[in-house]
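Asker: First the structure, which I've put down as structure tokens, then a few questions once you've had a look.
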Amino acid sequence: MDLYSLSLKDIAQKIKSKQVTIKEVLDSVYSRIDEKEEVLGAYVTLTKEAAYKKGEELQKKLDAGEAIGALGGVPIAIKDNICTDGVKTTCASRMLEDFVPIYNATVVDRLEKQGAIILGKTNMDEFAMGSSTETSYIKKTKNAWNTEHVPGGSSGGSAVAVSADMAYAALGSDTGGSIRQPASYCSVVGLKPTYGLVSRYGLIAYASSLDQIGTFAKNVEDTALMLNVIAGHDKKDTTSACIKEKDYTKALLNDIKNKRIGVPDAFVKDGINEEVKQAYDNGIKTLEDLGAKIVHIDLDYAKYSLATYYIIATAEASSNLGRYDGIRYGHRSEDFEDLIDLYKNSRTEGFGEEVKRRIMLGTYVLSSGYYDAYYKRAQCVRTLIIEDFKKAFEKCDAIVIPTAPHTAFKFGEKSTNPLEMYLEDIYTVPVNIAGLPGISIPAGFDSKGMPIGIQFISNYFTEENLLQIAYTFEQNTEFNNIKPNI
Ligand code: GLN
């Protein structure tokens, strides 16, 4: 078996027990990348030189009998909206094409402190706006299961890197599904933690009340190992929660007997592909066979979550992206006569179509004539959605819903109709609106062989519960063992 195809846990153990050297691991992963990157386009930047240098340092430490951390020597990929000191962080936008941060995001510091080695930065939808990675200014990322299909988005590069064994795990960001949806399209495990559990310091903001950094991994155990490292209080992020650091691997029990799993039947009735629905129903049956109690729940306001999300997210985006004016930040146009001209032309040239659409939408819903009708109302509905979940969690320990209504679509199929693209987020956005944790894990394939994911949602800061359920599902199904033939 090639080293690159091992799990994060196994490779970490092999390094520590000196069965392999860190250089051998890096050689294996980078040769895999050399072989597949041209077809798949997962990465926008590779940091090979720095990775080998770090590898050498860690190997020296290890050989001297020193500790190298929980992820010592393990190569990891980072989404390109997470700041990396001295390494370009572009948000896949022309606006930040040459932006080199002078600091690390807290998550990157945490990973490095535990010995992880950064392989490179992964492609994404521009400023994380999209569900297919097609809005990237830089390149096209293809789904390893069928390269005519999109990988999902916005963290498409991270999902492909992990699914094609071009990284042992990756970081992504999830504002409305950008970890869970590509994870489901690519058949990997994607975790969006509770809002506040993982620091957002150094994550380039899209919609700050919804954004959350999380993980892509090859299985649930590796997900827990990654969460162990990235979760924890950060005084640099004022929304960071004071939660005690835990060992999430302790939650990995193969047992969900008597867990009450909520099924929101009415929410999962319309607009879903039949084969995806079938896989979802089979998933529920599996949970039942494993001893879980299925309870039927109502999420009455969930049907408004898409409208609510696209008002709140665009409103916040219009404000967050105001800083890119060509003076303080970002691309500066060479074509201008006065200051207003400079602002206008820099933004016109620097932002892509989807980003502009959202800035305009967000500015509109915040404008004085429409604020009450849209933004304020969306905030009220947000509270109702939160209350829906609160009520649901009185009746159940976790909720199961599909991750996305369809499997990965073909390039161009939805990019000309933004509304159709937005509809792909129907099952993922409620979780961000409420700030809850959610995980997507492999749950089947459609007749064309494209992956299907299933999503579990749990109450605030109950990631252990979430991981236990996901782990049990994974241990008792075969989907996770099937790999793309690339
Ligand atoms: N697809 C959603 C959007 O375009 C979610 C994106 C995300 O989670 N970053 O807003």
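Asker: At a Förster distance of 41 Å, what's the computed FRET efficiency of Lys395 paired with Arg357, Cβ-Cβ distance as r, to 0.05?
Answerer: 0.55
Asker: Sticking with this structure for a sec: Defining a contact as two alpha carbons under 8 Å apart and six or more residues distant in sequence, what relative contact order in percent does region 200-346 show? Can you show the working numbers first?
Answerer: Working: 130 pairs, mean separation 32.6, N = 147.
Relative contact order, region 200-346: 22 percent.
Asker: Grab the Cα-Cα distance for Val100 and Lys23, subtract it from 0.36 nm times how many residues apart they are, and report the gain in nm with one decimal.
Answerer: Full extension of this stretch gives 25.0 nm more.
Asker: In whole angstrom, note down how far apart the Cα centers of region 152-172 and region 73-104 are.
Answerer: Here the two parts' Cα centres lie 15 Å apart.
Asker: If you don't mind, there's one more thing I want to ask. Using amide H atoms built in the peptide plane, which far-off residues or other-chain residues are under 5 Å from Ala443 H to H?
Answerer: Under 5 Å from the amide H of Ala443: Ile452, Gly453, Ile454.
Asker: Over what distance in Å are the Cα centres of region 449-486 and region 398-423 separated?
Answerer: For region 449-486 versus region 398-423, the Cα centre distance is 19 Å.
Asker: A further question follows. When the dipole is taken about the Cα centre of region 82-216, and only Lys, Arg (+1) and Asp, Glu (-1) are charged at their Cβ, what size is it in debye, to the nearest 20? Show your work: numbers first, answer last.
Answerer: Values: 11 positive and 12 negative charges, 26 e Å.
The calculation lands at about 120 debye.
Asker: With every protein chain kept in place and ligands, DNA and RNA left out, what is the accessible area per residue of the chain? Probe 1.4 Å, answer in Å².
Answerer: Dividing the accessible area of the chain by its residue count gives 39 Å².
Asker: With only alpha-carbon atoms counted, please give the Rg and Dmax of the chain, in Å.
Answerer: Expressed in Å, the Cα Rg and Dmax of the chain come to 21.3, 70.
Asker: Continuing with this model, one more query. Give me the percent relative contact order of region 108-228, please, defined on Cα pairs under 8 angstrom at least 6 residues apart.
Answerer: About 21 percent, as a whole number.
Asker: Same structure, new question: With charges only on Cβ, +1 for K and R and -1 for D and E, what is the dipole size of the chain about its Cα centre, in debye, rounded to 20?
Answerer: Values: 56 positive and 66 negative charges, 177 e Å.
It works out to roughly 840 debye.
Asker: Where does each of 120-126, 93-99, 68-74, 189-195 land if you order them by average Cβ count within 10 Å, highest first? It would help to have the intermediate numbers written out before the result.
Answerer: Working: 120-126: 29.7, 93-99: 19.7, 68-74: 22.6, 189-195: 28.1.
Result, highest mean Cβ count within 10 Å first: 120-126, 189-195, 68-74, 93-99.
Asker: Rounded to two decimals, what ratio of Rg to Rh does region 70-135 give with C-alpha atoms and a Kirkwood Rh?
Answerer: Numbers: Rg = 12.4 Å, Rh = 12.3 Å.
My calculation puts Rg/Rh at 1.01.
Asker: How high is the relative contact order of the chain, in percent, with contacts defined as C-alpha pairs under 8 Å that are six or more residues apart?
Answerer: Reported as a whole number, the value is 17 percent.
Asker: When all protein chains stay in place, what accessible area (Å², nearest 10, 1.4 Å probe) is found for Asp338?
Answerer: 90
Asker: Quick one: putting +1 on the C-beta of Lys and Arg, -1 on the C-beta of Asp and Glu, what dipole do you get for region 269-394 around its Cα centre, in Debye to the nearest 20?
Answerer: My answer is approximately 360 debye.
Asker: Then there's this: So how far apart, in nm, are the two label points at Ser447 and Lys376 if each is 7 Å from Cα heading toward Cβ?
Answerer: If labels sit at Ser447 and Lys376, their model points lie 5.2 nm apart.
Asker: For the pairs Lys293/Lys414; Lys14/Lys259; Lys140/Lys303; Lys235/Lys395; Lys16/Lys121, flag any whose C-alpha to C-alpha distance is greater than 30 Å.
Answerer: The pairs that break the limit, which is 30 Å between Cα atoms, are Lys293/Lys414; Lys14/Lys259; Lys140/Lys303; Lys235/Lys395.
Asker: I've got another one for you. Please work out how much length the chain gains when fully extended from Arg323 to Ser209, using 0.36 nm per residue of separation minus the C-alpha to C-alpha distance, in nm with one decimal.
Answerer: 39.3 nm
Asker: Rounded to the nearest 0.05, what FRET efficiency is calculated for Leu339 and Ser368 with R0 set to 30 Å and r the Cβ-Cβ distance? Please report the intermediate quantities before stating the final value.
Answerer: Values: r = 25 Å, r/R0 = 0.83.
Step by step, r from the Cβ atoms, then E = 0.75.
Asker: Separation between the Asn481 and Glu288 pseudo-spin-labels, each 7 Å from Cα along Cα→Cβ, expressed in nm?
Answerer: A separation of 2.5 nm, rounded to one decimal place.
Asker: Let me ask another. Given H placed on each backbone N at 1.01 Å, which residues far from Met124 in sequence or on other chains put an amide H within less than 5 Å of it?
Answerer: Under 5 Å from the amide H of Met124 lie the amide H atoms of Gly157, each far enough along the sequence or on another chain.
Asker: Rounded, prolate or oblate: which fits region 117-196, taking a ≥ b ≥ c as square roots of the Cα gyration tensor eigenvalues, rounded meaning a/c under 1.5, else prolate when a/b beats b/c?
Answerer: Because its axes are fairly even, with a/c under 1.5, region 117-196 counts as rounded.
Asker: Can you tell me which aspartates and glutamates have their Cα less than 15 Å from the Cα of Lys236? Leave out same-chain residues fewer than eight positions away.
Answerer: Within the straight-line limit of under 15 Å, Lys236 reaches these aspartates and glutamates: Asp109.
Asker: Here's another thing I want to ask about it. Go ahead and run the numbers for FRET between Asp270 and Lys236, Cβ-Cβ distance against an R0 of 51 Å, rounding to 0.05.
Answerer: After rounding, the FRET efficiency stands at 0.75.
Asker: Report the gain in length on full extension from Lys53 to His296: 0.36 nm times residue separation, minus Cα-Cα distance, nm rounded to one decimal.
Answerer: Length gained, Lys53 through His296: 82.1 nm.
Asker: Of Glu349, Glu474, which has the most accessible area and how do the rest follow, probe 1.4 Å?
Answerer: Glu349, Glu474
The values are calculated or read from the model by the stated rules, or taken from the named source; none is laboratory data. What you see is a predicted model; the values in this text were computed from it and never measured. Glycine also receives a Cβ, built like all others from the backbone with ideal geometry; neighbour counts cover every protein chain displayed. Note: areas computed on protein heavy atoms with side chains; ligands, DNA, RNA excluded. Shrake-Rupley method; radii C 1.70, N 1.55, O 1.52, S 1.80 Å.
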